[in-house]
Amino acid sequence: MGEPKSIRSRDEVPAEDRWTIDEMYDPIGTWEEDVTSAMQQAEQLEKDYHGRLGSSASVLADALLLDAEIEQKLERAFCYARMKLDEDNTNSESQARYGECVSKASKIGALTSFLMPELVSIPEETILSYIEEEPRLKPYEHLLKDAVRQAEHVLTEKEEHLLASLGDVLGAPDNTFTMLNDADIVFGDVVDKDGNKHELTHGSYINLMRSDDRTLRKNAYDATYRKYKSLINTIASNYQTSVKTEVVTAEARSYPSARNAAMYSDDIPESVYDNLIDAVRDHLPDLHRYTEIRKQLLGVDELRMYDVYVPLIDVPERNIPFDEAVELAVKGLAVLGPAYIEQFRRGIASGWIDKYENKGKTSGAYSFGSYDSKPYVLLNYDATLEDLFTIVHEMGHSMNSYYTRKTQPFIYGDHSIFTAEVASTVNETLMMRYLLEHEEDPEMKKYILNMYLEAFRTTLFRQTMFAEFEKWSHDTVASGESLTPDNMCAEYDRLNTAYFGDALAPDDLIRYEWARIPHFYRGFYVYQYATGYSAANAIANRILGEGESARDDYLEFLKCGTNDYPVELLKIAGVDMSEKAPVESALETFKELVNEFASML
């Protein structure tokens, strides 16, 4: 593990290691100007267009263009406020700015809430005639037709206004968990077998879990989950409120379920979710075999949860400085073409990435930003091979955003999660294939193959397990039952046992793992990691097998944003996710990798 390291405060981080988000609002006073302007324009929109949307094509166009201008300003202000808070969640100025933005966004949402109810009240034939009549509405064609499709789930104007005005209240569980998890929870130090202390943080946890020191792994694992256990009543109450909010909101909008509501907006059939779970369940024996191999290679009498992340192949620890990781990433992604690589390099050199952990910084990694900002990346880079893959993953998101915002208007400049996770995971898959192909050391090749298997386990299998837990939790609330610490922990423990199989020893602490998953506060989000991984596997196979034509199809897909529904967009890249085949193909790849790994031992 090397020498224990201390975590710097934010002001100790050199400028070259930070993202350049301050250029979004320079001077900072212009942030307040954007928030104030958006509020004033929202008041103008409500005053000038409320009750008039259907009066003419030009009036509808004027209203929609003003609404887009408001949303663009608000998005920019929100992204900046959120990212500044993520730099250091203990910074009171950033907390206040973010709180103000959330509050103003709720008020703006209330002012503009008349738009959708009024829009869907316009007869479909009138909408279609307006699109033909008014050139400014032509870019809105998909958006307007989608509004017509969703008309049955739009509430009355008064009800929409009420829901919009409660926006920051309804989002409280997520905000509460973020502050609890990233600002208030302190794990302290844990010791290794020699008594050396190691600071345990969200950022350091996974590296401690990968240590070859089993005492350190156990101590880090125990300290982490005992902390969540000590807070389990508070977190359970908070999560139940989040689930209830999603269930009640879905019922209010006449969706048959919260899951249906979450998937309906992107026109994704619920069968995609069920097919994923069914396919993964069918292939659990392959995961069980891999778990048994892990137990044998580690040579332990009992395989414990703190043993599931440690590499199975003993190779010298690779310390990969950030710049070296970028060069490796460029080689791994070279099949995406020179234009992609040139922009990849330019983005990193121009301050897209906030590189290293500091005190109070949000854990993990993400890609974020507004339509008219850089597509920024938050990292907590720790110089491991896994962190190389995090760069590749998050830059996949950011490159997707770059291509989309360069090509699409603001109204289509975002991505559904269903497609966004494809862009990041194609990069991961191409990187993995490159390393496996070019590695000459047999032991290191086994190590990388083990990494590849872990990517399948933690993404395709683990996220599907999360998806099962989410479905259970929402079904429980929808049936009128309560979510309690006991039944949530019992259900999570049951799922974990089913997925890992008999090779894993029973564990009294893993039942609390659900309490540390932030994505659970965005209902029915995580399954898209698994579907995205499956789609990415298919796309990477096409690019590596068919070359330039498949690459061009994929790059065209990256430019589309939300100008069509996700399942249709993925067909551009050559994958049909309405079928079970991509998931089955990915699971067969996992089975083949297990066989290959076993044969090399």
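Suppose the filter is assigned to a helix (DSSP H, G or I), out of contact with any Leu (no Cβ under 7 Å at 6 or more places or on another chain), surrounded by fewer than 16 Cβ atoms within 10 Å (Cβ to Cβ) and at pLDDT below 90; does Lys138 pass it?
For Lys138, the condition - assigned to a helix (DSSP H, G or I), out of contact with any Leu (no Cβ under 7 Å at 6 or more places or on another chain), surrounded by fewer than 16 Cβ atoms within 10 Å (Cβ to Cβ) and at pLDDT below 90 - is not met.
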The lone exception for Gly54 - which of (1) under 25 Å from Arg405 (Cβ atoms); (2) in a helix (DSSP H, G or I); (3) out of contact with any strand residue (DSSP E or B) (no Cβ under 9 Å at 6 or more places or on another chain); (4) not charged (D, E, K, R) it fails: (1)
Long-range neighbours under 6 Å by Cβ, at least six apart or interchain, first residue in contact (Cβ under 8 Å) with a residue 60 or more places away in the chain within the range 95-123, second buried (at least 17 other Cβ atoms within 10 Å of the Cβ) and among the aromatic types (Phe, Trp, Tyr): Cys101/Phe78
Go through the residues of the range 533-550 one by one and say whether even a single one is touching a Cys at 6+ places or on another chain (Cβ under 9 Å) and either under 27 Å from Arg462 (Cβ atoms) or surrounded by fewer than 19 Cβ atoms within 10 Å (Cβ to Cβ) (or both). no
Scan the range 160-214 for residues that are farther than 14 Å from Thr224 by Cβ, in a helix (DSSP H, G or I) and out of contact with any helix residue (DSSP H, G or I) (no Cβ under 9 Å at 6 or more places or on another chain) and jot them down. Asp184
Selection from the range 226-263 of residues that are among the aromatic types (Phe, Trp, Tyr) and surrounded by fewer than 20 Cβ atoms within 10 Å (Cβ to Cβ): Tyr228, Tyr255
Limited to the range 238-281, what total is found for residues that are under 30 Å from Leu601 (Cα atoms) and in contact (Cβ under 8 Å) with a residue 60 or more places away in the chain? 2
Within the range 342-365, which residues are crowded, with 17+ Cβ neighbours inside 10 Å and over 16 Å from Ile206 (Cβ atoms)? Phe344, Gly347, Ile348, Gly351, Trp352, Ile353, Asp354, Lys355, Asn358, Gly360
Matching residues in the range 445-502 - criterion: being touching a Phe, Trp or Tyr at 6+ places or on another chain (Cβ under 9 Å) and basic (Lys, Arg): Lys446, Arg457, Arg462, Lys471
Does any residue of the range 565-588 turn out to be modelled with pLDDT of 95 or more, aromatic (Phe, Trp, Tyr) and out of contact with any helix residue (DSSP H, G or I) (no Cβ under 6 Å at 6 or more places or on another chain)? yes
What are the residues in the range 62-80 that are surrounded by 19 or more Cβ atoms within 10 Å (Cβ to Cβ), over 22 Å from the mean Cα position of the chain (by Cα) and of a type in the set (A, V, I, L, M, F, W, C), if any? Ala63, Leu64, Ile70
Among the residues listed as Leu453, Leu430, the single one being closer than 29 Å to Ser599 by Cβ, touching a residue at least 24 places away in the same chain (Cβ under 8 Å) and surrounded by fewer than 22 Cβ atoms within 10 Å (Cβ to Cβ): Leu453
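Table: residues versus (1) of a type outside the set (D, E, K, R); (2) under 26 Å from Lys355 (Cβ atoms).
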{"site": "Ile7", "(1), (2)": "yes, yes"}
{"site": "Glu12", "(1), (2)": "no, yes"}
{"site": "Ile21", "(1), (2)": "yes, yes"}
{"site": "Ile28", "(1), (2)": "yes, yes"}
{"site": "Lys47", "(1), (2)": "no, no"}
{"site": "His50", "(1), (2)": "yes, no"}
{"site": "Val59", "(1), (2)": "yes, no"}
Tell me which of these Leu436 doesn't satisfy, since it passes every other one: (1) touching a residue at least 60 places away in the same chain (Cβ under 8 Å); (2) surrounded by fewer than 19 Cβ atoms within 10 Å (Cβ to Cβ); (3) part of a helix (DSSP H, G or I); (4) not hydroxyl-bearing (Ser, Thr, Tyr). (1)
Enumeration of residues in the range 558-568 that are within 19 Å of the chain's Cα centre (by Cα) and either outside any loop (DSSP other than H, G, I, E, B) or under 12 Å from Val426 (Cβ atoms) (or both): Leu558, Pro566, Val567
With respect to Ala81, determine if the residue is aliphatic (A, V, I, L, M) and within 30 Å of Ile185 (Cα to Cα). yes
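On the basis of being touching a Phe, Trp or Tyr at 6+ places or on another chain (Cβ under 8 Å) and more than 30 Å from Asp11 (Cα to Cα), does Glu71 make the cut?
Working: touching a Phe, Trp or Tyr at 6+ places or on another chain (Cβ under 8 Å): yes; more than 30 Å from Asp11 (Cα to Cα): yes.
So Glu71 fits the description; yes.
Of the residues in the range 497-506, how many are part of a helix (DSSP H, G or I) and surrounded by fewer than 20 Cβ atoms within 10 Å (Cβ to Cβ)?
Looking only at the range 497-506, we keep the residues that are part of a helix (DSSP H, G or I), and these are 497-500.
Remaining after also requiring surrounded by fewer than 20 Cβ atoms within 10 Å (Cβ to Cβ): 497-498.
The qualifying residues number 2.
The values are calculated or read from the model by the stated rules, or taken from the named source; none is laboratory data. The structure displayed is predicted, hence computed values, not measured ones. With ideal geometry, Cβ positions are generated from the backbone for all residues, glycine too; neighbour counts draw on all protein chains shown.
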